[in-house]
Structure formats: structure tokens, C-alpha cells
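Just below is one structure, and these are the notes that go with it.
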Amino acid sequence: MCGIVGYIGDKNSVPVLISGLSSLEYRGYDSAGVAVLNDGTINIRKTKGKVENLSALLLEHPVSGKLGIGHTRWATHGAPSDTNAHPHFSNDEKIAVVHNGIIENYQELKDELEAEGFKFSSETDTETVAHLVDFYYKENNDLLEAVRKTLERIEGSYALGVICTDYPDTLVAARKESPLIVGLGEGENFIASDIPAILNYTNKAYILDDRELALVKKDEIKLYDINGNEIQKEVFTYNWNVEAAQKSGYEHFMLKEIYEQPKVVKDNLAKRFTDDGKHIVLDGIALGKKELKGINQIYIVACGTAYYAGLIGKYLIERLVGIPVNSDVASEFRYKEPLIDEHTLVIVISQSGETADTHSALKLAKEKGSRVLAVVNAVGSSIARDADDVLYTLAGFEISVASTKAFSAQVTAMYLITLHIAQELGKISEKDFTEIKQALEKLPSQVNDILTKAVPAIRGFVNKYIGSKNVFYIGRGLDYVVSMEGSLKLKEIAYLHSEPYAAGELKHGPIALIESSTLVVGVCTQEALFDKTKSNLEEVKARGAKVLAIAMQGNKSIEEVADDVIYIPRTHWMLTSLLANIPQQLFAYYMAKDLGNDVDKPRNLAKSVTVE
Ligand code: F6R
């Protein structure tokens, strides 16, 4: 991990590589580098730290050339350092490689290569690729064939860009389980791990599938399978524009994305009902009465924030439809021999559509004969392409590492899926359907309402609670689930130790941790559970905790136990989570900002987790 960009054309590749790497910065990384070919020599410049450090290095030690590859690295094997940064050279400096993914058998390959006399200078798994390509290249000086043979030897995941001094007009790329696209320009072509890296130049690309290679020249692209057979692919056109990847006056992408949520929710609801308003329309999903009747359980699988959106779905589907719904984080699901079969509907959720664990979970579910419905944001992503049905979440680019608008879009999707299944299976009355539909339609303006009114109060709380070292988020039912998301956001960007707990479970242990410096965020928007959670808040208050509550308008009695309250507009019980999460996002955002953290690129995190 994390970002790859490559260029071949008539321009100097360096500015293209630097602008590409800058557009991938949002994915999180710890070092950056470029390899540029000119006059039979490859020059590498690489450094620990940000792309701006790389730019400074390039000012001091300039390079130029019409063929180049660039990389931002998120350390997996070996610490972030100048040496471990990509690109990596072969010993004779004829071949340079950038790589996303993990070479699982790198130690074995390294031992073998060292026995052959190859010298390693870094601690990375990637360096084995540079030496292996070199090893096979020496057999018959065929770069594509050398890369192909290398792929046959390596286990694990890869997106690769390779250049060689003997091929001044060629870029070789390959992919397995780590995204890579080949961008089509005029008189120039590109490779990239994600479209923002090349969107300034083209929105057309071939999306490589697993174990495919590309031979890229400035006016020709050839694609091959792992056996070396040439293959044909359709060109994919991305509808995303460059503006979507800019901050548009906001201090951070995260804040911009938080404020985009009214529109995102609205877009996700638009055209999702038939003209008479009586049915849900889910384009691309062939899950009608007949298919659903054959389903006896649902499994929801995802990671992180997407998993919490899925948990909301679990609570809703079980309650409205009465089908058992299991849920798992994808990294557990994929290794647990899940009890699923052709009568299971597996719903996977992913913003990026490239999360390695979620993608593997999808493949496992398909192997076991289950139908897989993917709820995905990134169009054309691996998960979207491999699922049986796809519901796109229409959130647009999400640049900030911390997911906000994608979560709201996923939750909206779960609302729609729940209603669809309930209706197809005759589990919801027309009256209830209409009531929920009307409540759904109010959500965009209610989100807007919170965004307009809540900020001064939230900034006040942040000021008051900025010294907190331990934060509990508690709630019951749907409030518990959304508190998990609130807690995750605070950990991710404010770096505060925070734990979500089912409010009723607190007294079975964790209440021992409550002291006067503890902050407890109590989510109490479920009116049926309001009194219960309020009592739990009373218990922590009695032990000295400071209580910040999120409640529905009208439930003023919460003020008896809370030090501060944020009210959300009144809505149907099913829909409170989406609204309750907005103040949680703002709280985490302002806390992180006031603590001086890098809000959009929190430490140690990557936007799209394409390794296990
Ligand atoms: C949290 C966050 C992560 C992602 C998780 C899954 O803010 O961004 O927890 O939600 O890595 O990513 P996707 O949705 O791309 O599969």
C-alpha cells in the first residue's frame, strides 16, 4: 500500500507523477518516491514523509524524463524510511519497481535470491520483486515475460509498475488483489492505483483484473493474462470530476464531506421509489419476491465504519422482516468457516470497493453458493464487479481518511434495502411504509438542520472536554450501534482512547473505569429505550463522569442527567442513527482539529485497506 502512478508520453513525467501522488495523499502514507528514465539511466528520488518532502528533494536534485513511476508507501514490511520507500532498484539499476500489496512468500524468495548473489538494501517485501524481475530478465531480455514469470513465483497481493533502462518507451503493470488501472490519454498513457491520480489528464481507463498485465507505451496499450495471452477489455469511463477532489473552501476534506451529507442522502433517496411512491426501486438488484423467498438468513460483512452501517441494517432487517441476520467484520468472517449456503443472502458493504478482507469475504460467500449483494461507493471497483448485485451509494469521492458521507450513504442504503425486503416479503403494511417513506424524505433537511445549528454548541463541548483522555460512548439498540461509529471516529482522528459500550452492559465491568475525568457520550434517541439509557447515564454521573447526551427533540428530561445535550430533529425510530451520527462526526472533527491533528490524514491509517 498505498498509491501508484506511472506516465509514458512526450511530457516530462515528474510533474505528472508529483501531481498524481499529491491526489493520492488522502489515502494515507509515510514515504514517497519516483523513478524516472532518461538517456538510458533510471534516476530514483525517494524520501520518508510527505510528497512535499519529495518535491523539495527533487528541487535540490532534479530529474526529468518521459517515462516514470511514482509511489506513496504505507509501511507494512520495514519502518517508514528513505531506504524502504519505493521505487526499488535491481542491483544493476536497470530495473525499477513500485508495488502495492504484500508479497507473502518474500522471505523464501529473498533467501533464494540471496543464494544467487542478489544484494538487498531495504527491509521491504517489494525489493524481492525488483530482483526477481531482474533474474528472469537476464534469461532473454524480455521485460513483459520477466514480469510475468515473477508473478508466477510471488504469493500475496500486488499492483505493480515496472520500468527498465532497455525499454525507454514502455511501462509494465500488473495486478492481483490490489487495484490498478491503465489510463488512456492522447499520445500519452498512465497507470494508477486510483483514478484521482490521473483525473487531470483522462477519465478513461482499463481496469485490470486479478493476474492481468499491461504493456503500456505512449500510443499503444496491450493487455495480457497471466499465461501471456493477449486479452481485450472495455474502456471504463469515470464520471467523477476534478472539482470533487478539491476542498472548495473548506479547511479539511472531512468537513467538506460532512457538509455534503444532506445532498448525499437526498441523492441516495432520489428515484428510489416508484412514481406512486408505494414501492422501492433498487436498480441493478435482482432480489424480488422469488429470490427472497429462497433465503433463510442474511449475513452482513464489512470492515470499520462500513461494518457499523451494516450493523444498523442487521437491527432493522431483523426487526422489520423477521429474518435472522448475522454480521461479522470481514477479517473474521473469511477465516471462520461461516455457516452459509445458497439460502443465505450475503450483503457486503464497502466505500472503496477494494478492501482486501471484504473482497475475500465476498469470494468466499460466492464459493459457498450464497448470493452476494454489494453496497459500494466506488464505481467499477473490485467488489462492485465481483458481486451478484450492486447498490451504489452515490456519495461521490470520499477523500478524507475518516469516513463520514459514505457512512450516511451506506445507512440510507440499509434503510432502502430493509424496506425493499420487508415489502417484497409482505412484512410491512402500506401505512407503515408510507410513514417511513415520509420520514426518509425529511432526512436531508434534518441533517442540514443539525449542521446549521449544532456547530457552536459542539465547539463549546470540545473546548470543555479537550483534556479528556478516556471517552465512553454508550447507547442501547440502534443507539448502541451508532455509538460504535462515534467512538471509532474519535479514536481515528482525535487519537483519544474511546470505547463504545451497550449501556446496559456497563455495570458488568467497565463501570469500574469511570472516574471524574471520564467523558461519557450517551446516545439516547431510541424513545422506547430512553428511560433505560437515562438510568445508565445517572449511574456514570453518580461516579463523577461528565455526560454529553445526544437525544431527540422533546426529550428534555435528559437534561436531568447530562451536563450537555445535543438534540436531533424528531424522526421515525428506524432513522435516528443517521441523524445522531452527525453531531458525533462534528465532535470528532473539532476535537481532532483543536488538538492540532492532521484531520484528513490521521496517523497510521490508510483510506483503502488493500492488504490483510
Ligand atoms: C473509518 C474508516 C474505515 C473504513 C474501513 C472499510 O472512518 O474509514 O474504518 O470504513 O476501512 O473501508 P471500505 O468501506 O472502503 O471497505
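Restricting to segment 12-46, name every residue that is in a strand (DSSP E or B) and without any contact (Cβ under 8 Å) to a residue 24 or more places away in the chain.
Asn43, Arg45, listed by residue number.
With the requirement that a residue be under 13 Å from Ile347 (Cα atoms) and hydroxyl-bearing (Ser, Thr, Tyr), what does segment 274-307 give you?
Selection gives Tyr299, Tyr307.
Among the residues of segment 263-286, is there at least one that is within 16 Å of the ligand (Cβ to nearest atom), modelled with pLDDT of 95 or more and of a type outside the set (Gly, Ala, Ser)?
Checking segment 263-286: at least one residue is within 16 Å of the ligand (Cβ to nearest atom), modelled with pLDDT of 95 or more and of a type outside the set (Gly, Ala, Ser).
Take the residues in segment 375-392 that are of a type in the set (A, V, I, L, M, F, W, C) and free of Cβ contacts under 8 Å to residues at least 40 places away in the same chain; name whichever of them is surrounded by the fewest Cβ atoms within 10 Å (Cβ to Cβ).
Here the residue is Ala384.
Could you tell me how many of the residues in segment 185-199 are over 22 Å from the mean Cα position of the chain (by Cα), touching a residue at least 24 places away in the same chain (Cβ under 8 Å) and not in a strand (DSSP E or B)?
3
Looking at segment 301-312, which of its residues are among the β-branched types (Val, Ile, Thr) and either under 17 Å from the mean Cα position of the chain (by Cα) or within 6 Å of the ligand (Cβ to nearest atom) (or both)?
Val301, Thr305
Looking for something open to solvent by 20 Å² or more (accessible area, probe 1.4 Å) and part of a strand (DSSP E or B) - is there at least one such residue anywhere in segment 50-59?
No, segment 50-59 has no match at all.
Sort out which residues of segment 66-75 are surrounded by fewer than 22 Cβ atoms within 10 Å (Cβ to Cβ) and farther than 18 Å from Leu24 by Cα, and write them in order of number.
Within segment 66-75, just Lys66 meets the criteria.
Look at segment 410-434 and say how many of its residues are open to solvent by 50 Å² or more (accessible area, probe 1.4 Å) and either of a type outside the set (Val, Ile, Thr) or outside the structural domain of Ile258 (by TED's automatic domain parsing) (or both).
6
Table: residues versus (1) assigned to a helix (DSSP H, G or I); (2) among the polar types (S, T, N, Q); (3) within 16 Å of the ligand (Cβ to nearest atom).
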| position | (1), (2), (3) |
| --- | --- |
| Ser408 | yes, yes, yes |
| Val411 | yes, no, yes |
| Gln423 | yes, yes, no |
| Thr434 | yes, yes, no |
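Listed here are the residues, each with its yes/no results for (1) in a helix (DSSP H, G or I); (2) in the same structural domain as Ile226 (by TED's automatic domain parsing); (3) touching a strand residue (DSSP E or B) at 6+ places or on another chain (Cβ under 8 Å).
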residue	(1), (2), (3)
Thr124	no, yes, yes
Asp134	yes, yes, yes
Glu139	yes, yes, no
Leu151	yes, yes, yes
Val172	no, yes, yes
Gly183	no, yes, yes
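Name the pairs: first residue in segment 593-612 and of a type in the set (Asp, Glu) and modelled with pLDDT of 90 or more, second residue more than 12 Å from the ligand (Cβ to nearest atom) and outside any loop (DSSP other than H, G, I, E, B), Cβ to Cβ under 6 Å, at least 6 apart or on different chains?
Every condition considered, the pairs that remain are Asp594/Val462; Asp600/Phe253.
In segment 131-156, what residues are among the polar types (S, T, N, Q) and open to solvent by less than 10 Å² (accessible area, probe 1.4 Å)?
Matches in segment 131-156: Thr150 only.
Condition test on Ser468, is it within 16 Å of the ligand (Cβ to nearest atom), open to solvent by less than 30 Å² (accessible area, probe 1.4 Å) and small (Gly, Ala, Ser)?
In short, no.
Which residue is least open to solvent (accessible area, probe 1.4 Å), if the candidates are limited to segment 81-99 and must be acidic (Asp, Glu) and touching a strand residue (DSSP E or B) at 6+ places or on another chain (Cβ under 8 Å)?
Asp82
Looking at Leu316, Leu345 in this structure, which one is modelled with pLDDT of 95 or more, open to solvent by less than 60 Å² (accessible area, probe 1.4 Å), in contact with an Asp or Glu (Cβ under 9 Å, 6 or more places away or on another chain) and more than 16 Å from the ligand (Cβ to nearest atom)?
After ruling out the rest, the residue left standing is Leu345.
Is there a residue in segment 364-374 that is within 30 Å of Leu255 (Cα to Cα) and either open to solvent by 10 Å² or more (accessible area, probe 1.4 Å) or not in a helix (DSSP H, G or I) (or both)?
Yes: one or more hits.
Here's a check for you: in segment 319-342, which residue that is of a type in the set (Asp, Glu) and in a loop (DSSP other than H, G, I, E, B) is most open to solvent (accessible area, probe 1.4 Å)?
Once the filter is applied, the top-ranked residue is Glu337.
Could we say that Lys437 is surrounded by fewer than 24 Cβ atoms within 10 Å (Cβ to Cβ), more than 30 Å from Asp598 (Cα to Cα) and touching a residue at least 12 places away in the same chain (Cβ under 8 Å) here?
yes
Inside segment 100-118, can you point out the residues that are closer than 15 Å to Ser178 by Cα and either at pLDDT 95 or above or open to solvent by 10 Å² or more (accessible area, probe 1.4 Å) (or both)?
Once the filter is applied, which keeps residues that are closer than 15 Å to Ser178 by Cα and either at pLDDT 95 or above or open to solvent by 10 Å² or more (accessible area, probe 1.4 Å) (or both), segment 100-118 yields Ile102, Glu104.
Inside segment 381-401, can you point out the residues that are under 25 Å from Lys263 (Cβ atoms) and part of a helix (DSSP H, G or I)?
Ile383, Ala384, listed by residue number.
Name the one entry in Ser360, Ser381, Ser350, Ser331 that is more than 22 Å from Ile317 (Cα to Cα) and within 9 Å of the ligand (Cβ to nearest atom).
Just a single option satisfies the conditions, and that option is Ser381.
Out of all the residues in segment 294-314, is one or more out of contact with any Ser or Thr (no Cβ under 7 Å at 6 or more places or on another chain) and among the charged types (D, E, K, R)?
Checked segment 294-314: no residue is out of contact with any Ser or Thr (no Cβ under 7 Å at 6 or more places or on another chain) and among the charged types (D, E, K, R).
Output the number of the condition that Tyr415 fails; it satisfies all remaining conditions of (1) without any contact (Cβ under 8 Å) to a residue 24 or more places away in the chain; (2) within 23 Å of Gln261 (Cβ to Cβ); (3) not small (Gly, Ala, Ser).
Status for Tyr415: all satisfied but (1).
Name the single residue, out of those in segment 459-494 being part of a loop (DSSP other than H, G, I, E, B) and closer than 19 Å to Ser517 by Cβ, that is modelled with the lowest pLDDT.
It comes out as Gly467.
Just to confirm my filter: which strands (runs of 3 or more DSSP E) fall fully inside segment 503-587 and include at least 1 residues that are open to solvent by 10 Å² or more (accessible area, probe 1.4 Å) and of a type in the set (Lys, Arg)?
Passing ranges, in order: 546-552.
The values are calculated or read from the model by the stated rules, or taken from the named source; none is laboratory data. Quick caveat: nothing in here was measured; it's all calculated off a predicted structure. Backbone-built Cβ (ideal geometry, glycine too); neighbour counts: all protein chains shown. Side chains are part of the model used for accessible areas, which takes the heavy atoms of the whole protein and leaves out ligands, DNA and RNA. Shrake-Rupley method; radii C 1.70, N 1.55, O 1.52, S 1.80 Å.
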